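Novice: Let me begin by handing over the structure; questions about it come next.
The values are calculated or read from the model by the stated rules, or taken from the named source; none is laboratory data. Every value quoted in this text rests on a predicted model; they were computed, and no experiment measured them.
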Amino acid sequence: MTMVICRECKAQISTLAAACLHCGATKRKTANTTSVAIAFLGITLLANTWMLWRLYDIESRMAQGVVAQGHGSP
């Protein structure tokens, strides 16, 4: 059991306690870093998949000669 300092009254309280025994202040909810990391990895995976799909699409069109040449090219 670890002891922490209450943010309200600065008394030591257990990490297992739902509220401070001295002043009744409840603990703050901390960000769940695992959920944030999973969300970040998921978004990164989706973005990379989309970019690779677009690259494949552009390269296949170039191989077929469908992509128009730029302006000013002979």
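Novice: Among the residues that make up the stretch 4-14, is at least one of them at negative phi, modelled with pLDDT under 85 and outside any helix (DSSP H, G or I)?
Specialist: The answer is no; no qualifying residue exists.
Novice: Counting only residues that are polar (S, T, N, Q) and assigned to a strand (DSSP E or B), how many does the stretch 15-45 have? So that I can check it myself, show each step before the final result.
Specialist: Filtering the stretch 15-45 for residues polar (S, T, N, Q) gives 15, 26, 30, 32-35, 44.
Restricting the remaining residues to those that are assigned to a strand (DSSP E or B) gives 26.
Total meeting the criteria: 1.
Novice: Checking Glu59 against (1) at pLDDT 90 or above; (2) more than 29 Å from the chain's Cα centre (by Cα), which single condition isn't satisfied?
Specialist: Status for Glu59: all satisfied but (1).
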